[in-house]
Amino acid sequence: MADDLLVIIPTRGRPQAVPEIVQAWDDTGATADLLFAVDTDDPKLAAYKQHAAALKGDGRVRFTFGKRRRLVGTLNQQAVKAAKSYRFLAFLGDDHRPRPAAMAWDARIRVCLSGGPGIVYGNDLLQGEAMATAVAMTSDIVETLGVMVPDCLVHLCADLVWVEWGRGMGRITYLDDMVIEHLHPANGKAVLDQGYEECNSPEQVSADSAAYYEYRDGGGLEADLAKLRKLVEEAAQ
């Protein structure tokens with residue numbers, strides 16, 4: 001169906017990722033819509049705008065330019081807006097690359113999520129099943145919670161929350177052979193740039209870790225899981 005899957009990619013300081021990701025779409029035969037969310041104060045804004053102009057005729061690809069909200073804020077803003085018109089929503093970092101397989105990765109996402117509310121993620125060749133560093137979910141999850149990520153977070157730990165949600169609602173699928181590779185300094189596949197330094201700074205790690213544990217152990221997670229379990233029950237009726 002039209003407008004069934006949107007992949008949201010908040011990106012900053014890495015305009016070179018745009019053509020690489022679009023090439024990955026071509027290489028994998030992906031038909032999902034692709035949204036690059038760019039900050040208007042990005043030092044490399046001009047390069048992003050050049051890519052946007054060059055890709056204007058590609059019906060799969062869109063750009064949005066807005067105030068900086070950091071990763072979680074930007075993802076939530078775009079996901080809540082898109083949930084009104086897309087059946088499925090996905091997040092990839094600008095350092096993720098889907099890899100070719102017998103069945104296109106976005107087609108597998110559609111199959112896995114077609115049975116009702118749920119979450120699916122693949123193998124990033126770094127964290128594997130432990131963390132959903134790239135994820136897809138039914139848009140009714142975003143509509144139910146009002147966010148795609150708890151807004152107490154800024155950048156880190158979203159991948160842990162998505163696994164907690166999926167397991168807690170009993171609707172999660174991990175596809176080990178669906179590779180969405182994470183090109184990260186931790187596995188030697190990316191250079192440590194300003195973006196990585198900022199989001200992995202001791203201050204950011206401490207802040208997001210504390211917020212995650214408070215959400216997980218302080219009642220926030222259970223409150224959200226109650227809503228998600230109700231969503232699953234209602235969908236089954």
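A short reminder: the numbers here are calculations on the coordinates, not readings from a lab. Quick caveat: nothing in here was measured; it's all calculated off a predicted structure. Cβ atoms come from the backbone with ideal geometry, glycine included; neighbour counts cover every protein chain shown.
Estimated from helices alone, the mean residue ellipticity of the chain at 222 nm is -13000 deg cm²/dmol (sum of -39500 (n - 2.57) over DSSP H runs with n ≥ 4, per residue).
When Lys and Arg each count +1 and Asp and Glu each count -1, what net charge do the other residues less than 13 Å away from Q204, Cβ to Cβ, add up to? Don't skip to the end; give the middle numbers.
Details: positive: R70; negative: E197, E198, E203, D208.
So the surrounding residues net to -3.
Scanning the chain for trypsin sites (Lys or Arg not before Pro) in DSSP loops with at most 13 other Cβ atoms within 10 Å, what's the longest stretch left with none? Maximal segment without exposed cleavage sites: 85-237. The stretch between T64 and Y213 holds 50.4 nm of extra length on full extension. This uses 0.36 nm per residue minus the Cα-Cα distance. For the options A32, A136, A52, a Gaussian network treatment of the chain with springs between C-alpha atoms closer than 10 Å singles out A52 as fluctuating the most. Helices meeting the span-like rule in the chain (full DSSP H runs, Cα extent of at least 27 Å along the helix axis, mean Kyte-Doolittle score of 0.5 or higher) are absent. Amide H contacts for T173 (H built 1.01 Å from N in the peptide plane; partners 5 or more residues away or on another chain; cut-off under 5 Å): I119, V120, Y121. Of all aspartates and glutamates in the structure, the ones whose alpha carbon falls short of 15 Å from that of K49, not counting any fewer than 8 places away in one chain, are D39, D41, D58. Under a 5 Å amide H cut-off, with hydrogens placed 1.01 Å from N, R68 pairs with T40, D41 among residues at least 5 apart or on other chains. Per-residue extension of 0.36 nm, minus the Cα-Cα distance of A47 and L225, leaves a gain of 60.0 nm for this segment. Here the gap between Q204 and V191, fully extended at 0.36 nm per residue and compared with their Cα-Cα distance, gives a gain of 2.8 nm. Based on the reciprocal of the average 1/r between different C-alpha atoms, the Kirkwood radius for region 5-236 equals 17.9 Å. For the chain, averaging the sequence separation of C-alpha pairs within contact (under 8 Å, six or more residues apart) and dividing by the residue count gives a relative contact order of 21 percent.
Return the subset of K81/K227; K44/K81; K67/K227; K84/K189 for which the Cα-Cα distance in this structure is over 27 Å, preserving the input order. Before the final figure, lay out the partial values.
Numbers: K81/K227 20 Å; K44/K81 25 Å; K67/K227 30 Å; K84/K189 36 Å.
Flagged as over cut-off: K67/K227; K84/K189.
Between V7 and D33, L34, L35, A90, the built amide H atoms are under 5 Å apart, and every one of these is 5 or more places off in sequence or on another chain.
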